[in-house]
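Visitor: The structure follows.
The values are calculated or read from the model by the stated rules, or taken from the named source; none is laboratory data. What you are looking at is a predicted structure, and each value in this text was computed from that prediction instead of being measured. When we count neighbours, we look across all protein chains shown, and the Cβ atoms used for this are built from the backbone with ideal geometry, even at glycine. Areas reflect the complete protein model, heavy atoms only, side chains present, ligands, DNA and RNA absent. Shrake-Rupley method; radii C 1.70, N 1.55, O 1.52, S 1.80 Å.
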Amino acid sequence: MKKFVMAALGGTVAGVIATTQIAGPLLAQEKAANSNVYEQLDLFGDIFERIRGQYVEQVEPSELIEAAIDGMLTSLDPHSSYLSPDDAAQMQVQTRGEFGGLGIEVTQEEGFIKVVSPIDSTPAAEAGIEAGDFITHVDGESMLGLTLDEAVDKMRGPVGSEIIITVVREGETEPFDVSIIRDTIELQAVRSRTQGETVVLRVTTFNDKTTPNLISKLEEEVEALGGMNSVNGFVLDLRNNPGGLLTQAIRVSDAFLEEGEIVSTRGRDPADGDRFNATPGDLAQGKPIVVLINGGSASASEIVAGALQDHRRAIVVGTKSFGKGSVQTVMPLRGDGAMRLTTARYYTPSGRSIQALGVSPDIVVEQPRRRPVEDEEDDAPASAVGPRTEGELRGSLNNDSLSEDQIKQIEADRAKAQAAADLREEDYQLAYAIDILKGLNALGPQARNTAKLR
């Protein structure tokens, strides 16, 4: 028993020594780290006071503090930033779907301001600004060296005022100027139309209005076609959609999914992760869906495209998306300001992160640039080279096997095919998406279900 007690005491003493040997250096390291932080804060205070007292011009202390805070946040990644009280209020207005400006979503890439996408029917879109453009100057003033928020401030101004931006575009040998008149941007979150038997849903942004607008527009178009039985499928057009609210991306995905994961988010602490799942109910009632994306499809757009792609609920067509796979949380601060901080990455249902990689389409389809008018005029009309079908030959026999109604039906089908051909000139990617839906419907429901299970 005495030996046992001695052994136990020896083990206790050894444990204390071992703990001290391990914990001692750790505590010393932590103390040194804290000391270093305090020294850096003292250095900041010294610099702050020297600027206030010795800078060539008088500066507002509050502006210096805001600049320091913003610099700290923007050094983390392109999407973290400080929002002044005015900026915070402006952001809340934007999520409601109406704000003043040019109508472009921008980011910063290696110090340059890059257009993520122009927003449909806005001054920037009408002026010809394209996704991927770099803005180098605003009214002759260089944007190089400015923070993203500073560059955005330069582009803001009174509604009706003119701004001249200098653009560098891939494929163009020289920079060029674009004149834009600032306007109030009223975002119509969802626009819809029918193309033959296909319902096209164009989602331009993800704000508070997106899901309700999507539901109402879809129902209106389906009713106009005479019911779901008259619809051959849906095109969800997410091209040049810069994203928006995560909650809306989840709801839009859920609208077309019956079950399964939509997206998951993972922060630095695994306990902070979230997983969002679909609820029963498919707005499209099982009809095939094609999702259109391009390099201007970012953030919330990529969540929707990735979820529908991973669940094999939709065929994704177009070009690789932007690749913004991070989540920003807006945190209110004292004084009515706010902090936008990247707090997590998001992952598609298959567990893939699209950060910096983007969503790859199932079928890559480039949008060709429109040919110059002079090239189109060089094309000789078909009539100039003589008849090309049997029916155009002089004296050819009539077709006596078809009734007049059958002939009219054939002519109507040809008119639809011609309309599809005309659409290729206007929007090749959309025409391609519609052709896919036609092909799926030509195979019939059984073939579509077989393809969905693969």
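Visitor: For region 141-274, what is the accessible area per residue in Å² when the probe is 1.4 Å?
Guide: Working: 6370 Å² over 134 residues.
Heavy-atom SASA per residue in region 141-274 reads 48 Å².
Visitor: Turning to a different aspect of this structure: Arranged from highest to lowest average of other beta-carbon atoms within 10 Å per residue, in what order do the peptides 334-347, 252-265 appear?
Guide: Packing proxy ranking, top to bottom: 252-265, 334-347.
Visitor: Residues of region 180-204 with backbone nitrogen within less than 16 Å of a virtual label 7 Å along the Cα-to-Cβ line of VAL159, please, listed as ranges.
Guide: Zone members listed by number: 181-188.
Visitor: Hey, can you rank 316-323, 55-62 by average C-beta count inside 10 Å, highest first? Don't jump to the answer; show the numbers that get you there.
Guide: Values: 316-323: 23.0, 55-62: 8.4.
In descending order of packing, they fall as 316-323, 55-62.
Visitor: Here's something else I'd like to know. What size of dipole, in debye to the nearest 20, comes out for region 142-258 about its Cα centre when the only charges are +1 on Lys and Arg C-beta atoms and -1 on Asp and Glu C-beta atoms?
Guide: 100
Visitor: Still on this model: Once you place label points 7 Å from the Cα toward the Cβ at ASP77 and ASP362, how far apart are they in nm?
Guide: 2.9
Visitor: With all protein chains present, how much of the accessible area of region 225-340 (probe radius 1.4 Å) comes from carbon and sulfur, to the nearest whole percent?
Guide: It is 47 percent, rounded to a whole number.
Visitor: Of the listed pairs LYS287/LYS408; LYS114/LYS287; LYS114/LYS438, which have alpha-carbon separations greater than 31 Å here?
Guide: The pairs that break the limit, which is 31 Å between Cα atoms, are LYS114/LYS287; LYS114/LYS438.
Visitor: Now for a different question. Using the beta-carbon distance between ILE215 and GLU258 and R0 = 25 Å, what value does 1/(1 + (r/R0)^6) give for FRET efficiency, to the nearest 0.05?
Guide: Computed FRET efficiency for ILE215 and GLU258 comes out at 0.95.
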